Amino acid sequence: MSNQVTVFVPRETSAVSLGAHDVAEKLAAVENVNVVRNGSWGASWLEPLVEVVVGDDRIAYGPVEVGDLDSLLEAGFLTGGKHPLCLGPISEIPYLKNQERWTFWRCGLIDPISIADFQAHKGFAGLQKAFEKGPEYVLDQIKTSGLRGRGGAGFPTGIKWQTVADTEGEQKYITCNADEGDSGTFSDRLLMEGDPLNLIEGMIIAGFAVGASKGYIYLRSEYPLTRRVLTKALLAARDSGWLGQDIQGSGFDFDIDIHIGGGSYVCGEETAMLESLEGKAGVIRYKPPLPAIEGLFGKPTVVNNVVTLGSVPLIMALGAEKYAEFGVGRSKGTLAFQLAGNIKRGGMVEKAFGLTLRELIEDFGGGTATGRPVRAVQVGGPLGAYLTAEQLDTPLDYEAFAEMGGMIGHGGIVVFDDTVDMAAQARFAMEFCAIESCGKCTPCRIGSVRGVEVIDRIVSNEDREENITLLNDLCDTMIDGSLCAMGGMTPFPVRSALESFPEDFNK
Amino acid sequence: MAIKYDKIIASEIISQFGGRPEMLVQVLHALVERYGYISDEAIRQVATELNISRAEVHGVVSFYHDFRTSPPAKHILKICQAEACQAMGSRQLTAHAESKLGVQMHGSTDNVTLEPVYCLGNCACSPAVIIDDKVYGRVDANKLDKLIDECGV
Ligand SMILES: Cc1cc2nc3c(=O)[nH]c(=O)nc-3n(C[C@H](O)[C@H](O)[C@H](O)COP(=O)(O)O)c2cc1C
Ligand code: SF4
Ligand code: FES
C-alpha cells in the first residue's frame, strides 16, 4: 500500500463538462492509483485540473483531457514528472495564490463528502463553538462580522437572524436559496459541489441561533450534479450524527431537505421561492410581511443565499473580528467574484471587497478569450447594467457600485468583446423578462413584450426618435410600477446599452 | 422516455412524497423524470391523490418551464441562451443546431428535442449545453455535431 499514489480529479460540473469523469475512470484503472473526487478550486479555465500528491505537495496538471493521459503517464506525472500541462504545486498557481479565501478555503482541498476530511480541516468547529456559547453569542458574532447577504440585495445577515429569533413561533425554518439564476454566476454551485458540508454546517448554526429545527435547500433544476453531491453529503452528515435528532449530544435537532426548482428565474426571489417550496407557482408575494416574520407556511423563516450561509462556519470558528478585517467601508469580508463569458481565465476569485473590475478582468482574467478588446461588461446578473471598458476602475463594493447605478449582486461578471451587438443584448434583457415574469404586475408582464417590439422598431429604423422616447417611457413605467426587481430592474441593462452604446441601435 | 403511463406506479411515485400538497413541484419532477412529461391523466391523478383541484395542478404545471405537457424525443438538448454563453457565440451555436436538426427551438426530431435553458452555471466554460442531465462546456459547432450524432439518427 505504501506506494499508492493519490490523484485528485474534480467531480464538479465544469470539470465534468470537459471530460473529468473519463479522466477519473481511466486513472482509477491504473495500478496503485487512488483517485479522490474533490471539488474545484475555481480555476475553471484549467479544468479538468488534476492533482497528484507528491510528498507534501499537490502537483497540478491541466487542463487534462483523457487523450493526454498516456503522455502524462509516460512523463511520470504520478511522481510529479515534467510535462507541458504541468502547472507546479497547486498552492503556487498565481490565480489561486492571490486570492483571499474564506468561504471557499476548503473547496478543491478536500473530499467534499468525507466527514473525516471535513473535520480534519476545521469542519464543524464553528458549530461546536455555537453549541458551547449559545444562540445569543452566535447572533452577536454574525452582527459583528458585518456579513451581508450574498444573494443580491446585500441585507445584513445578523439583523435578519435576530428578527427570526425574536419572532415567537413553535416552528421556524431555515431556507437556503440555491436557485443561482443569474447568468455568469456559479459560486453557489462551486461551494455546494466542493464543500457541501460547510453549507450544511452553516444552516445548522443558523437553525440553532434562531430556534429552527427544519431546513430546506431550494436548488435549481439546472444543477443535476450538484444535487447528487448534496444528497451524498446530507446522508454522510446524518449517518455520522451531524444532522437529525440531538446533534452530537447537544440536544439540538435539525434536518435538511432538498427541493428542486422548476426552471423559473423569478423563483430565486425569496418570496417566490417560498411559494415554490410550498408547492405552488412561483408568484411574488407582497412585502410586508417579511419572510422573517411570516415566511414558509406562514412561519418565521430565514432566507439566505448559499454563500451567505457558507461564510458563517468560519466566522464562528475564527471569530467575527477576523472576518471584518477584510473589505472596505460597509462592505465587509470577501466576495466570490465570478469571471464569465468572453474571458481568458474564467473562474471564481474570492477576494476582499474593494478591488476594481479592471484588476479582476485583466490581472486575474487575462482579458478576453478571443484576444479582442473588452467592449462591455455586465455585473450582477441579467438585471445588472452594462458597463463600458472605461468604467472598469470603480472599486467593487456595494456602495461604490450603487453610486454609479450598478450592482454587485451575486458577484457575476460577464465580459463581452468588441463583436457584441448591444442592441441585441438590450432586446434579450426585455425578452428574458417577458419569458420569466411571474405575471403579477402589468408593467413587467406586458411592458417587457412591448419593449422587445420597440427595440426591433428602433433597430429597423422605424420612427427612430419616437420609438426611443417610447422605450424610455416604457423603462420608467417598469421601474415605477413593478413589484420586484425582475420588472423593476430589467430597464437597467436596456438603458445602459442604449446610453453607452447608441451606435449599435443605429446601423 | 417512451414509458407508458401506469396509474399504479404513478401512485407509488406520488405517495413517496407523503401525499402532501406542498410537495407538488417535487411530485411533478418525479413524474417527468419517469414519463418525460405531464399528461392530462397525470394531472387528474395528482389532483386526486394530493387532494387539490385540477386547476391548481394545471396552474403549477404551466407556470414552470420544466414541466412539459407533451412527450419529448428520446433526448433533450438544451442550449444555454443566457448572457455569458451569448458572449461566446451561443446564438450562432443555436442557429447551427437548428439547421443541423432541421427544427426550430422547442421543436423535435425523432431523437432530439431542442430547448433553451438560461444558465447551467458553466459560464466560465461557455457556451454550455445540457443533454438529458449531462452538462458540456466550450461547445463549438463540431463538438455539438458529435453530441447530436451520439443521440442517434
Ligand atoms: C428576480 C430575482 C431573482 C433572485 N434570484 C436569486 C437567486 O437565484 N439566489 C439568491 O440567493 N438570491 C436571489 N435573489 C435575492 C433574494 O430575493 C434574496 O434577497 C436572497 O435570497 C436573500 O439571501 P441573502 O440575504 O443571503 O442574500 C433574487 C431576487 C430577485 C428579485
Ligand atoms: S415585477 Fe414581474 S416578476 Fe416581479 S412581481 Fe411583478 S410581474 Fe412578477
Ligand atoms: S450563462 Fe450559459 S452557463 Fe451560465
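General remarks:
- Whether the stretch A:5-97 is rounded, prolate or oblate, judged on the alpha carbon gyration tensor where a/c under 1.5 counts as rounded: rounded
- For residue A:35, residues with placed amide H under 5 Å, excluding near neighbours: A:7
- Cut-off under 5 Å, modelled amide H: who pairs with residue A:421 long-range: none
- Selection from A:231, A:158, A:147, by position along the positive dipole direction of the stretch A:140-243 (Cβ): A:231
- Once C-alpha pairs closer than 8 Å and six or more residues apart are averaged by separation and normalised to the residue number of chain A, the relative contact order reads 13 percent.
- For the stretch B:1-80, the set of trypsin sites (Lys or Arg not before Pro) satisfying both a DSSP loop assignment and a count of at most 10 other C-beta atoms within 10 Å is given as B:4.
- Each label point was placed 7 Å from the Cα along the Cα-to-Cβ direction; for residue A:248 and residue A:116 their separation is 1.8 nm.
- With a 10 Å cut-off around each Cβ of B:62-68, the average count of Cβ atoms from other chains is 6.
- Anisotropy class assigned to the stretch A:327-417 is prolate, per the alpha carbon gyration tensor with a/c at or over the 1.5 cut-off and a/b larger than b/c.
- Every helix of 4 or more DSSP H residues in chain A counts as -39500 (n - 2.57), and over all residues that averages to -11500 deg cm²/dmol at 222 nm.
- Listed residue (A:357, A:369, A:410) projecting farthest to the positive dipole end of the stretch A:327-417, Cβ model: A:369
- Whole-Å distance, taken between Cα centres, linking the stretch A:376-439 and the stretch A:140-197: 23 Å
- The charge dipole of chain B, taken about the Cα centre with unit charges on the Cβ atoms of Lys, Arg (+1) and Asp, Glu (-1), comes to about 120 debye, rounded to the nearest 20.
- Dipole magnitude of the stretch A:1-99, debye to nearest 20 (Cβ charges: Lys/Arg +1, Asp/Glu -1, about Cα centre): 220 debye
- Candidates B:48, B:94, B:109: whichever shows maximal mean-square fluctuation once chain B is modelled as a Gaussian network with Cα springs under 10 Å: B:48
- Nearby aspartates and glutamates by direct alpha-carbon distance to residue A:129 (threshold 20 angstrom, same-chain neighbours under 8 apart not counted): A:117, A:140, A:195, A:201, A:246, A:253, A:255, A:321
- The lysines whose alpha-carbon is closer than 24 Å to the alpha-carbon of residue B:74, local same-chain residues fewer than 8 away aside, are B:4, B:7, B:100, B:134, B:143, B:146.
- Mean-position separation - Cα centroids, the stretch A:282-301 and the stretch A:23-56, in angstrom: 44 Å
- From phi via Karplus (6.51, -1.76, 1.60), per-residue ³J(HN,Hα) for the stretch A:456-467 in Hz, x at Gly/Pro: 4, 5, 4, 5, 8, 6, 8, 5, 3, 4, 4, 6
- Antiparallel %, DSSP beta bridges [both residues in chain B], to 5: 55 percent
- Partners of residue A:287 within straight-line reach, counting lysines whose Cα lies under 25 Å from its Cα and excluding those fewer than 8 residues away in the same chain: A:143, A:160, A:172, A:214, A:299, A:440.
- HN-Hα J in Hz across the stretch A:138-145 - Karplus 6.51, -1.76, 1.60, θ = phi - 60°, x for Gly and Pro: 4, 4, 5, 4, 5, 5, 4, 5
- Total charge dipole magnitude, the protein assembly as shown, about the Cα centre, Cβ charges on Lys, Arg, Asp, Glu only, Debye to nearest 20: 620 debye
- Filtered chymotrypsin sites (Phe, Trp or Tyr not before Pro), the stretch A:44-129: DSSP coil and at most 14 other beta carbons within 10 Å: none
- Long-range amide H partners of residue A:337 with built H, under 5 Å: A:349, A:350, A:351
- Most simply put, the protein assembly as shown has about 55% antiparallel DSSP beta bridges, counting only bridges with both residues inside it.
- Options A:216, A:307, A:203, ranked by Cα towards positive dipole end of the stretch A:115-324, top entry (Cβ charges): A:307
- Ranked order, A:357, A:73 - accessible area, probe 1.4 Å, largest first: A:73, A:357
- GluC sites (Glu not before Pro) within the stretch A:60-95, DSSP loop, no more than 15 other Cβ atoms inside 10 Å: A:65
- Only beta bridges with both residues in the stretch A:115-324 are counted; by DSSP, about 10 percent of them are antiparallel.
- Just so you know, the Cα atoms of chain A work out to an Rg and Dmax of 23.4, 78 Å.
The values are calculated or read from the model by the stated rules, or taken from the named source; none is laboratory data. These numbers were taken from a predicted model, which means no experiment stands behind them. Cβ atoms come from the backbone with ideal geometry, glycine included; neighbour counts cover every protein chain shown. Please note that ligands, DNA and RNA were not included when accessible areas were found on the heavy atoms of the full protein model with its side chains. Shrake-Rupley method; radii C 1.70, N 1.55, O 1.52, S 1.80 Å.
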